[in-house]
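Taking it in order: structure first as structure tokens, then the write-up.
The values are calculated or read from the model by the stated rules, or taken from the named source; none is laboratory data. Here the structure is a predicted model, which means the values were calculated and not measured. Methodologically, a virtual Cβ is constructed for each residue, glycine included, from the backbone with ideal geometry; neighbour enumeration extends over all protein chains shown.
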Amino acid sequence: MDAARAGDQAALGQLLQHHERRVHNLCLRMVNQADDAAELTQDTLMKAVQKLPGFRGDSTFGTWLTRVAMNTCLSHLRKRKLRRTTSLDAEAPGPSSQRLSDRLAQTREPDVFSRVEHQDRLQQLYAALATLDPDHRAVLVLRDLDQMDYTQIAQTLDLPPGTVKSRLFRARLALRERMNPASLADRA
């Protein structure tokens, strides 16, 4: 880190390469589209290079970079929301997340019906997650998928810990409502 801040290009390259996959996964979870996630990952890394001299070290580089990525994704989502509307009849795409799939996978090999049911449930989860407000989606992704604690989320999003907890509570309620089969049937 010190060498990168001192201008060592090789050290900077290694530092960014070390964090690139994590940033990409975060962006993918936030925007739910592979092309946008790749572009946002590059934007985040460019912003990190530009802002690296201003990095004070109040948090770890990873936490700081996550904050840059989250701000980049939230800005993108706000712009996208202003630019286009989505049909209520459209089916939301859901990218495959190996990490989430691993957490949800059973210990034995599931039968064909179980695998199809599992994939269907994952699609419902991604579709429901995509409908959440970006601020709520951000705390859910950071807490439940990236396994950050409340303090890290608060630092990343520049929020008080109490706000993080209340947003997480409201986000989980909203996600639960959207995942409820009776609720999904009512919308159809």
Quiz item: What number goes with the only condition from (1) modelled with pLDDT of 80 or more; (2) under 19 Å from the mean Cα position of the chain (by Cα); (3) assigned to a helix (DSSP H, G or I) that Arg103 does not pass?
Solution: (1)
Quiz item: Which of the residues that make up region 59-90 are modelled with pLDDT under 65 and not in a helix (DSSP H, G or I)?
Solution: Arg84, Thr85, Thr86, Ser87, Leu88, Asp89, Ala90
Quiz prompt | Residues (in contact with a helix residue (DSSP H, G or I) (Cβ under 9 Å, 6 or more places away or on another chain) and either more than 15 Å from Arg167 (Cα to Cα) or in contact (Cβ under 8 Å) with a residue 60 or more places away in the chain (or both)) located in region 132-147 | solution = Pro134, Asp135, Arg137, Ala138, Val141, Leu142, Leu145, Asp146
